[in-house]
Amino acid sequence: MRATTARPLTRLPFYVLLVLLTWVFVAPLLWMLSTSLKTNADATRLPPSWIPRPFTTEAYVPLLSLGSETPVLRWFLNSILTATANALLVVGTSVLAAYALARLEFPGRRVLFGLIVGTLFIPTFVFLIPNFLIVSSLGWLDSLWALIVPGAGSAFGVFFMRQFFTSLPRELEEAALLEGANQWQIFYRVILPLSRPGIATLTVLSFLTNYNDFIWPVYVLFSPGNFTLPPGLSILQGAYTTNYPVIMAGGVLASIPAIILFVLAQRHVIEGVSRSGLKG
């Protein structure tokens, strides 16, 4: 009886730490939501209050209006479209390249993988001007194609999926070969179903990377109607310098897809990250 009562007590500091860490991450989101439901006078009142008095949704009206000078709803749809399309391209190219590097034997395979991994150490700002010139020559400036296609080849995606594929037992592929399956059938019917955690993880990471990107959209998008949320919200902050509820309302709308995506895929993300590091 003493052992059963002593064990929860020894774990009490651990649970307290978890609660504190949870509060650290959740409190800013709750404060952002609370401020978006206040009037501007209430948002700037001292001392600050967590509960809106009065409760109002006026901050969301100019953001959801299609005729507004700051069409947040259109920026939101642009961000969802570009992030989804880019994530699908990243997953498609990374899975195919990673499988070839992990399972197929060909000359220079290790050297090629080393070169791909080496690009991860190059600062992303180095690629801004070359990518801009390529996008300009293709006529994609001030279009959503400039946000979808250039990031389709992901060195991190290839590295991540290659590490995941190497953690899968080769005996499954050998059994499929004995059954008469060819390389494509093994990849499609054996490897891909087992790689759902890794694919889900890469999808989430690629989506969030594109969704939160700020520098590249600022370089290639010029029309406010084509903006995505990160550069658009910076204009929102300039347009409503002191209207904190409107700024926070834009932040609430921007955070909704990321929160939903992580809640739906968190189990696969944890499993994918843990399995990708099992074997080098």
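Computed from label points 7 Å out along Cα-Cβ, the spacing between F55 and A181 is 5.4 nm.
Ranking I260, I80 from most to least accessible surface, computed with a 1.4 Å probe over the protein chains only, gives I260, I80.
DSSP H helices in the chain with Cα extent of 30 Å or more along the helix axis and mean Kyte-Doolittle hydropathy at least -0.5? Don't skip to the end; give the middle numbers.
Values: long enough: 12-36 (35 Å, 1.89); 72-103 (45 Å, 1.28); 244-276 (43 Å, 1.20).
Span-like helices here: 12-36, 72-103, 244-276.
Quick one: ranking T228, T209, T57 by accessible area, 1.4 Å probe, largest first, what do you get?
Details: T228 5, T209 100, T57 75 Å².
Most to least solvent-accessible, the answer reads T209, T57, T228.
The distance between label points at I215 and V16 comes to 4.3 nm (points 7 Å beyond Cα on the Cα→Cβ vector).
For F214, F121, give the ranking by accessible area with the largest first, probe 1.4 Å. Intermediate results must be reported in sequence, preceding the final value.
On the way: F214 85, F121 165 Å².
Ranked list, largest accessible area first: F121, F214.
Farthest towards the positive end of the charge dipole of the chain, among the residues A146, P193, V16, is the Cα of V16, using unit charges on the Cβ of Lys, Arg, Asp and Glu. Net charge of the neighbourhood of K38, taken over other residues with C-beta under 10 Å away and scored Lys/Arg +1, Asp/Glu -1, is 0. Remark: the V24-N40 segment gains 3.2 nm on full extension, using 0.36 nm per residue and subtracting the alpha carbon distance.
Sites listed here are trypsin sites (Lys or Arg not before Pro) in the range 34-137 whose DSSP assignment is loop and whose Cβ has at most 16 other Cβ atoms within 10 Å: R45. Based on C-alpha pairs under 8 angstrom that are at least 6 apart in sequence, the range 29-123 has a relative contact order of 15 percent. Based on DSSP loop calls and a cut-off of at most 12 other Cβ atoms within 10 Å, the longest stretch of the chain free of exposed GluC sites (Glu not before Pro) is what? Excluding the exposed sites themselves, the longest stretch runs over 180-280. Taking Cα centre as origin and charging only the Cβ of basic (Lys, Arg, +1) and acidic (Asp, Glu, -1) residues, the dipole magnitude of the range 159-212 rounds to 220 debye. Simple rule: put +1 on each Lys or Arg Cβ and -1 on each Asp or Glu Cβ in the chain, find the dipole, and look at V91, P217, L177; the Cα lying farthest toward the positive end is L177. Summed over qualifying helices (DSSP H, 4 residues or more, each -39500 (n - 2.57)) and divided by its residue number, the chain shows a 222 nm mean residue ellipticity of -21000 deg cm²/dmol.
The values are calculated or read from the model by the stated rules, or taken from the named source; none is laboratory data. It should be emphasised that the depicted structure is a prediction, and the values quoted were computed from it without experimental measurement. Don't worry about glycine lacking a Cβ; one is built from the backbone with ideal geometry, like all the others, and counts go over all protein chains shown. The protein model used for the area step is the full one, side chains on, heavy atoms only, and it has no ligands, DNA or RNA in it. Shrake-Rupley method; radii C 1.70, N 1.55, O 1.52, S 1.80 Å.
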